[in-house]
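Here is the structure we will look at, set down as C-alpha cells.
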Amino acid sequence: MFNSKSKSSFDAGAGNASTLIGAGTTITGDMESNGDIRIDGTLKGNLKGKAKIIVGAGGVVEGDIEGIQADIMGHVTGTIKVQELLFLHGKTQVNGDIYAGKLQVEPTAVFNGNCHMGANVVELKTEVANVMNQ
C-alpha cells in the first residue's frame, strides 16, 4: 500500500505550482509566487511573481506588480514592472507607471501613467533579479 516509489501530490511540481485567486475572493496583503499566478478576484497589496502573472477580466489589483511576464485583462492601480512581455488585453484599465521589456496593447485597453522601455528597463531587470534572489 505505501511503497517507497509512491509520490505525494504535494511533491509533484511543488516549486512550479500555479495559484488561482478566484472571483469573489479578496486578499489583503502582499503575495509572492514561484509559479504562475492568476487573479480573478481582488488583491489589495503588492504581487511578485517568478513566472507568468495573469489578471483576469474581473480581476483587480490595488498595488504594485513585479514579474517576468504579465497578461492584464482587468484593473490595476499601481506600478507594473515586467522583465519580458506585458500584454494589456481587452478592456484593461491600468492606472500607474509601466516598466517593461516589451509592451503589447490592444486598442480597447486604457493606460494612464508613464511607460518606460529600453535602456531604463535594463536597470529594472537587475533590480528585480536581485529582489527575487533574496
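Bear in mind these aren't lab numbers, they're just calculated from the coordinates by the rules spelled out. None of these values were measured; they are calculated from a predicted model.
From the backbone phi of the stretch 37-44, what are the Karplus-calculated ³J(HN,Hα) couplings (6.51 cos²θ - 1.76 cosθ + 1.60, θ = phi - 60°) in whole Hz, Gly and Pro given as x?
Those phi angles translate into 9, 10, 10, 10, x, 10, 10, 10 Hz.
In percent, what relative contact order does the stretch 20-132 have, based on Cα pairs under 8 Å that are 6 or more apart in sequence? Walk me through the numbers on the way to the answer.
On the way: 334 pairs, mean separation 17.8, N = 113.
Relative contact order of the stretch 20-132: 16 percent.
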